[in-house]
Amino acid sequence: MPNVDKDTRVLKDPVTGNLIPVPAAEADARAAAEGLQYATLNEIRTANDREKYGSAGQTALGAVELAAEAATLGLANSGPNARPASDEEKARRATLRRDSPVVAFGAELAGAAPGILAGGAVGAGARAVGAGARAAALASAVAEGGVSGYAQEQVQAREEGRDIDVGNILLYGVGGEIAGRVIPKALGSGLNRIADALTPARALADEADNVLVRAEQRAVQSGSDLAEQVTGPERDRFLRDNARDLVNQATERARSGLDSANQRFQDLGDLSKKRNKIANLVSKEHPAQDRWVHDQVEALAGARAEAEALADAPGLGGMSKKLVQYLDDAEAKLTSTRKAADRFINADEVKRGLQKFHVSLSKSKMQALDPVYHEQMMSVVDAVQENMRRGLEREDLWGRAGRFQQDVNSAWHNRWFKGAPVAEADLARITGRDFDAKAITEFDPAKVRSFLEKDKVGRGLTEEKLNDMLDGYQEMAEAHRKWGITDSKQLDKLQSDVADIRKVIEEADEIQSAVPRADKADAAESAMDSLISQGLPVVGSAYVGLKRALRNVNTAGKGHVRSAMSTMVNGVRKVGSGLEVASKHGGPVGVVAAGHLRQRQTTDDRFMGDYPTMSQAFMARREQIVTAMQEPEQLAAAMADSFGDLPDQFPDVHFRLAQRFTQAFMYLADNLPPGVENSLMSQHSIPPDLRSIREFARLWEAVMDPGAVVADFATMNATPKQARAIEMVHPDIWAQMQTDTLEALAGSPKRPSWERMRYVAQIFKLGPAMGGVWKPNVAKNIKNSMVVAPPPSMDGKQTLSTSPTNPRGIASIANGPTFGSA
């Protein structure tokens, strides 16, 4: 058997796969001359195990051992008097599962079937589709709760010293990928003909690809919640290994949020768009308003004269002409009406226009030939707009509108204006001009990404000014909310954008801090991975990449479930009101992190996929079940084609996935809509009614795409039947959901609503553990309230005693004055 020591190296023929021991001194030259590769430690170990345990006798012995273990539902090696499996037995079983998955799978089914069949009859759905004895036995296993599969997973996980990660792989739609693409392609079933007849361009005709890669991609896409939903080394590794992808996602979220928030902020600042609402706050016309307008017109005239005097200053000729023209238009606007509301809104427009001149002058001043003249013109503009701003805040002139103006100006001047010039200069760019020749500012993804990749010191002043901008957005929303000027839903969207931007910055900090922690905690493994990747670029990188993919999927899966269960218990976290929330960013304005729930397709849409109708989608799904059950031996081989290097590098995971999928198909076969079984094998069978198909679609999704249903639990849209399906087919996911739900209940900042408590109790059967309205006294009260009292006596009404466990109910009503009256 080949082995690596100080004098020997092991090379591999890439064509035949044979391993060749050679002297260490000759290894490099021979590898270059003959096109050989260095064998990995895993390949050497696999070859040695195959040579030692791959004979017919060893294979038969391994099959017997697997069958014996399965016959006890996975409990053969547990308990106080149990004998743990020896290293030799473990190696023999692992070799059998890796090299002969069908034999190993059949051995376990053969061992598990007798004990399971003793507890119940073969499922009717399995018989209906003409399944063989092995498929029927497994259908019964699922009908009895999937005990065998779960116990087997527990045994293997215990032997290997790691978590069960099969369920988390399935969270990301791998089931749907295999059921929709791999099985039809690999088994060559009639589904291809059905699919071609219904939708010729359907993706089922495509080549099967590595669905584990897709699972990892989806896991990374959902990684934004990991910072709060998963803790410790798992999170640190995930953030380190996926830093680039996570920063890319964070950049897009930040850019999109900033563009959206900036547009909403500008719209809220334009009071002319809320003319009717403002009119309700403005006081009626009175002489003091006339005098104030007259004073403003005089101030505009003085500013015009000073602007004209600066027309010959270096670099200010064009700006001076624009300002003079604007001041003329402003005077006409102020004197165009005597209506108080119109005057107020027009004056506000003039003020905001002058503020934009200040911003333009501030930016051009940086490249000006003579900044002194820019400062002089800015002082002219500021004097006019500041005087006008103070006047618009006067309650004696404008009534409640003056107080509203104070709140708006605080957001604009004290917050946004302090940060916008620097933040927009560093993170945004002008992409064009609108019909009014106003600059269109959009945030630059490249600049935002560069900003997020820096540490706290590198972001420095830009982050400080960005926080001022975000505070301005938040305070503007609160001003409109306080005075009822704008719809609450629009304000929630603005504050939600602010919360998401702040969260992105926190995530960027978390990614940076996670890297050194993960490197320190994972130094040995990282060194080994690096050695394997560098020494064996092809095979080694595949091993390292696959291991990372499994780890990423497992970590993100835990975060996905925990986030969904937390939302189910606590609901979507709302944006906090300004003075009600203490902000860690300074000042009285803050937000609670917004727990967004992305808009999802309906179950019907997800079930249909590319099919035009629910009935046609059901026919295709039914054909998939028939195909999988008629060819159970081919399921493991079909999956092997879709999982790339998984069967070679991690045969145990591949085996457990094959087992899980077989359970899934048996469960679905046993729950096909009633009446279909009589004509299931008929060429012209009729689909069931639409309602039955929709109920089956929910089960299909729970079994084949549990990740989507986990998200539906968060919105309380998942049904009890879906919960039972996950409990039966995916017990590891179910156990994690129960655990995370209890943790969310225990850690909830306030008692969840009665409706949420009822839903949790119904789905997870946790009523006794939840307390409160579910206490026994409440049940006694309800029971006593429904007790009908004996008929009233002839000598008057009976007295019904009451107590905490005997409240007034039906019995007291029976003695009332209206009881028994016609």
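The values are calculated or read from the model by the stated rules, or taken from the named source; none is laboratory data. Computed from a prediction, not measured in an experiment: that's the story for all the values here. All Cβ positions, glycine included, derive from the backbone under ideal geometry; neighbour counts span all protein chains shown. Please note that ligands, DNA and RNA were not included when accessible areas were found on the heavy atoms of the full protein model with its side chains. Shrake-Rupley method; radii C 1.70, N 1.55, O 1.52, S 1.80 Å.
Worth pointing out:
- Some residue of the range 391-399 being under 29 Å from GLY484 (Cα atoms), free of Cβ contacts under 8 Å to residues at least 24 places away in the same chain and part of a helix (DSSP H, G or I): yes
- Here the condition is being at pLDDT 85 or above and in contact with a helix residue (DSSP H, G or I) (Cβ under 8 Å, 6 or more places away or on another chain); of VAL4, VAL22, it holds for VAL22 alone.
- Condition check for GLN367: open to solvent by 20 Å² or more (accessible area, probe 1.4 Å), farther than 25 Å from HIS480 by Cα and not in a helix (DSSP H, G or I): yes
- Top-ranked residue in the range 685-718 [being part of a loop (DSSP other than H, G, I, E, B) and buried (at least 18 other Cβ atoms within 10 Å of the Cβ); ranked as farthest from the chain's Cα centre (by Cα)]: PRO688
- Of all residues in the range 370-382, those being more than 23 Å from GLN266 (Cα to Cα) and either touching a strand residue (DSSP E or B) at 6+ places or on another chain (Cβ under 6 Å) or open to solvent by 40 Å² or more (accessible area, probe 1.4 Å) (or both) number 7.
- Set side by side, the residues ALA383, ALA332, ALA313 differ, and just one is farther than 21 Å from ILE278 by Cα, assigned to a loop (DSSP other than H, G, I, E, B) and of a type in the set (A, V, I, L, M), which is ALA313.
- Residue within the range 724-747 that is modelled with pLDDT under 85 and basic (Lys, Arg) present: no
- Test: residue in the range 268-282 that is touching a Lys or Arg at 6+ places or on another chain (Cβ under 8 Å), surrounded by 17 or more Cβ atoms within 10 Å (Cβ to Cβ), in contact (Cβ under 8 Å) with a residue 12 or more places away in the chain and not β-branched (Val, Ile, Thr): yes
- Test: residue in the range 309-329 that is on the phi > 0 side of the Ramachandran plot and either over 52 Å from the mean Cα position of the chain (by Cα) or open to solvent by 40 Å² or more (accessible area, probe 1.4 Å) (or both): yes
- Every residue from the range 359-377 that is under 49 Å from the mean Cα position of the chain (by Cα) and within 14 Å of LYS322 (Cβ to Cβ): VAL359, SER360, LEU361, SER364
- So ARG304, is it of a type outside the set (Gly, Ala, Ser), out of contact with any helix residue (DSSP H, G or I) (no Cβ under 6 Å at 6 or more places or on another chain) and either open to solvent by less than 50 Å² (accessible area, probe 1.4 Å) or over 28 Å from ALA411 (Cα atoms) (or both): no
- Enumeration of residues in the range 429-455 that are in contact with a strand residue (DSSP E or B) (Cβ under 6 Å, 6 or more places away or on another chain), hydrophobic (A, V, I, L, M, F, W, C) and open to solvent by 10 Å² or more (accessible area, probe 1.4 Å): ILE430, ALA439, ILE440
- When the criteria are applied in full, VAL408 meets the requirement of being among the hydrophobic types (A, V, I, L, M, F, W, C), assigned to a helix (DSSP H, G or I) and over 16 Å from LEU334 (Cβ atoms).
- ARG240 being out of contact with any Leu (no Cβ under 8 Å at 6 or more places or on another chain) and within 14 Å of ILE501 (Cα to Cα): no
- For the range 493-525, the tally of residues that are among the acidic types (Asp, Glu) and within 15 Å of ASP267 (Cβ to Cβ) stands at 1.
- Qualifying residue in the range 294-316 (condition: over 26 Å from VAL359 (Cα atoms) and not small (Gly, Ala, Ser)): yes
- Flag for SER496 being at pLDDT below 90 and either surrounded by fewer than 19 Cβ atoms within 10 Å (Cβ to Cβ) or among the small types (Gly, Ala, Ser) (or both): yes
- Condition met for ARG235 (at pLDDT below 55, of a type in the set (Lys, Arg) and open to solvent by 20 Å² or more (accessible area, probe 1.4 Å)): no
- Selection status of GLU34, modelled with pLDDT of 80 or more, of a type in the set (Asp, Glu) and farther than 24 Å from VAL544 by Cα: yes
- Whenever a residue of the range 622-643 is more than 26 Å from VAL553 (Cα to Cα) and at pLDDT 70 or above, its partners that are hydroxyl-bearing (Ser, Thr, Tyr) and open to solvent by less than 30 Å² (accessible area, probe 1.4 Å), lying with C-beta atoms within less than 7 angstrom and at least six residues away or across chains, give the pairs GLU623/SER189; THR627/SER189.
- PHE661 being at pLDDT 85 or above, within 17 Å of VAL703 (Cβ to Cβ), crowded, with 22+ Cβ neighbours inside 10 Å and touching a Phe, Trp or Tyr at 6+ places or on another chain (Cβ under 7 Å): no
- Per-region count, the range 283-310, residues in contact (Cβ under 8 Å) with a residue 60 or more places away in the chain, part of a helix (DSSP H, G or I) and among the hydrophobic types (A, V, I, L, M, F, W, C): 6
- Pairs where the first residue, in the range 417-428, is farther than 17 Å from ARG449 by Cβ and open to solvent by 40 Å² or more (accessible area, probe 1.4 Å) and the second is part of a helix (DSSP H, G or I) and modelled with pLDDT of 90 or more, C-beta under 7 Å, 6+ apart: LYS418/ASP468; VAL422/LEU461; VAL422/THR462; VAL422/LYS465
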